[in-house]
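The values are calculated or read from the model by the stated rules, or taken from the named source; none is laboratory data. None of the values given here were measured: they were computed from a predicted structure. Quick reminder, even Gly has a Cβ in these numbers, built from the backbone with ideal geometry, and neighbours come from all protein chains shown. The protein model used for the area step is the full one, side chains on, heavy atoms only, and it has no ligands, DNA or RNA in it. Shrake-Rupley method; radii C 1.70, N 1.55, O 1.52, S 1.80 Å.
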Amino acid sequence: MRALSWNCRGIGNDLTVRRLTEMYQKYRSGLVFLSETKNKRMVLQNIQADLGFDCLFTVEPLGLSGGLALFSMDDFQINVLFSNNRMIDVEAIIDGIKVYMTFVYGDPVLEHKDQVWERLTRFSTTRTGPWFMIGDFNEITDHNEKEGGRRRLDNSFLPFKQMLSDCGMMEFPLLEICFHGWEKGLVDLR
């Protein structure tokens with residue numbers, strides 16, 4: 001099973017749709033998560049039809065910002081457990097195994113990040129099987145994940161790192177265009 005996550009920063013123009021189509025054709029992902037779609041469901045339904053996905057779950061943008069979309073195939077038996085403007089949390093059946101997946105678009109506003117981390121930590125208390133998180137967390141765990149810009153205080157990374165630890169997550173390697181993914185349990189992502 002392959003999962004693709006992309007902060008597309010608006011999916012309405014032809015160039016962005018073309019890039020998504022190229023990535024989908026290259027990786028043949030069974031799940032595609034888009035953050036910052038900046039478009040309503042109708043636009044995303046056209047993309048769903050073009051890519052051939054059976055299912056689409058969306059969180060509408062707030063004005064001209066945000067918006068989430070999760071495309072999937074019926075094979076995964078996706079059941080949405082929770083959604084808001086920062087995440088889509090699902091359970092799915094993959095190769096006969098129940099797997100939890102949380103698709104995240106972390107809050108870019110420092111003062112609101114803790115709300116996202118707290119929600120994810122609450123999820124962890126009820127997870128009894130494999131669970132992975134994927135997306136744009138709008139956060140890093142240390143300076144090695146950042147190029148350029150001002151250095152941050154080392155303690156500024158602690159809330160994010162604490163959430164990952166509390167959730168029992170570990171980082172695993174991803175394909176070239178993805179930045180971060182964390183998993184709890186055994187999930188075969190090739």
(request) Amide H neighbours of ASN138 under 5 Å, at least 5 residues apart or on other chains, H built in the peptide plane: list them. (result) GLY106
(request) Averaging sequence separations of C-alpha pairs under 8 Å and six or more residues apart, then dividing by the length of the chain, give the relative contact order as a whole percent. (result) 17 percent
(request) Return the carbon/sulfur percentage of the accessible area of region 37-159, one whole number, probe 1.4 Å, all protein chains in place. (result) 51 percent
(message) How far apart, in nanometres, would the label points at THR121 and ARG150 be if each is projected 7 angstrom from Cα along the Cα-to-Cβ direction?
(response) 2.6 nm
(message) Can you give me the long-range amide H partners of MET87? Hydrogens built in the peptide plane at 1.01 Å from N, cutoff under 5 Å, separation of 5 or more residues or another chain.
(response) TYR105
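In Å², and per residue, what accessible area does the chain have when probed at 1.4 Å with the other protein chains present?
On the way: 10240 Å² over 190 residues.
About 54 Å² of surface per residue is accessible.
I need the shape label for region 1-99. Rule: rounded when a/c is under 1.5, else prolate if a/b > b/c, else oblate, with a, b, c from the alpha carbon gyration tensor. Kindly include the intermediate steps, with their values, before the conclusion.
Working: a/c = 2.02, a/b = 1.27, b/c = 1.60.
Taking the square roots of the gyration eigenvalues as a ≥ b ≥ c, region 1-99 is oblate.
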(message) Below 22 Å, Cα to Cα, which lysines can LYS38 reach? Residues fewer than 8 away in the same chain don't count.
(response) LYS113
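At a 10 angstrom cut-off on C-beta neighbours, averaged per residue, how do the peptides 11-23, 84-96 rank from highest to lowest?
Numbers: 11-23: 13.8, 84-96: 17.0.
Averaged packing, sorted descending, gives the order 84-96, 11-23.
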(request) Could you calculate the contour length gain from ASP166 to MET42, that is, 0.36 nm times the residue separation minus the distance between their Cα atoms, to one decimal place in nm? (result) 40.9 nm
